[in-house]
Amino acid sequence: MKRSGPLKLVVMATAGVSLAACDKFEEKADGQVFVDQEQCVSAEQYSVNECTAAFKVAKDADNASAPRYNTNRLCEDQHGRYACVPAHGTGTSYSSYFVPIAAGYFIANAAQGLSDWKYRVRPVYPDRNRRHFYTSGGYLLDMSSSNRSARIPKKATAKLPKPPKVQTRTSIASRGGFGSRSGRGFGG
């Protein structure tokens, strides 16, 4: 009976190391980030029709899943000065809140096995220093040295982000800020 205590600790410690190791080798989705539809077209990787479709999906995803904050100051604390705008809920949950302006849109390459645009496209938002960018689901983009190439965890494309709750100073502090879900992402 006395041996079960140390054994439980060893199992718990091993599980933590195993989870950290899995996270390190997490499957990624490769793609590009475009600031606007014109940049998408000028890259000549997608047709005009594909860029149009992608940006319609991106705009819809931005409207549905942008991070929401109860004050402009709290939004700017997370995303930078002049990076937020007022927004309003719809239907039965009508309320005013603030959302960051999308800095661009991530489009996963077709080779990722994603055929539907709604899974390939995610809006991206800056952190307060504009050094890092996150998807609407809060996943950090790994930006390459190339100006548009990026990677996100494949699970960020697995399902559409839920409409997020309106964040307060307390909820932000409890999770460590935007993009801090388990040290990497933003809860919704």
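The values are calculated or read from the model by the stated rules, or taken from the named source; none is laboratory data. It should be emphasised that the depicted structure is a prediction, and the values quoted were computed from it without experimental measurement. Glycine also receives a Cβ, built like all others from the backbone with ideal geometry; neighbour counts cover every protein chain displayed. Accessible surface is based on the protein model in full, side chains and every heavy atom, while ligands, DNA and RNA are left aside. Shrake-Rupley method; radii C 1.70, N 1.55, O 1.52, S 1.80 Å.
Overview of results
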quantity	calculated
Members of the stretch 130-162 found to be touching a helix residue (DSSP H, G or I) at 6+ places or on another chain (Cβ under 6 Å), farther than 21 Å from Gln37 by Cβ and of a type in the set (Ser, Thr, Tyr), listed by number	Tyr139
Scan of the stretch 105-119 for residues that are open to solvent by less than 30 Å² (accessible area, probe 1.4 Å) and out of contact with any helix residue (DSSP H, G or I) (no Cβ under 8 Å at 6 or more places or on another chain), ordered by number	Phe106
Candidate set: the stretch 45-70, residues that are polar (S, T, N, Q) and open to solvent by 60 Å² or more (accessible area, probe 1.4 Å); chosen: the one farthest from Trp117 (Cα to Cα)	Asn70
Residues located in the stretch 142-151, provided they are open to solvent by 30 Å² or more (accessible area, probe 1.4 Å) and small (Gly, Ala, Ser)	Ser144, Ser145, Ser146, Ser149
Condition check for Gly185: at pLDDT below 85 and in contact with a Phe, Trp or Tyr (Cβ under 8 Å, 6 or more places away or on another chain)	yes
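One line per residue, one yes/no per condition, for (1) free of Cβ contacts under 8 Å to residues at least 12 places away in the same chain; (2) buried (at least 24 other Cβ atoms within 10 Å of the Cβ); (3) under 22 Å from Glu26 (Cβ atoms):
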{"residue": "Ser96", "(1), (2), (3)": "yes, no, no"}
{"residue": "Pro100", "(1), (2), (3)": "no, yes, no"}
{"residue": "Val121", "(1), (2), (3)": "no, yes, yes"}
{"residue": "Arg131", "(1), (2), (3)": "yes, no, yes"}
{"residue": "Thr135", "(1), (2), (3)": "no, yes, yes"}
{"residue": "Leu140", "(1), (2), (3)": "no, no, yes"}
{"residue": "Pro153", "(1), (2), (3)": "no, no, yes"}
{"residue": "Thr157", "(1), (2), (3)": "no, yes, yes"}
{"residue": "Lys165", "(1), (2), (3)": "no, no, no"}
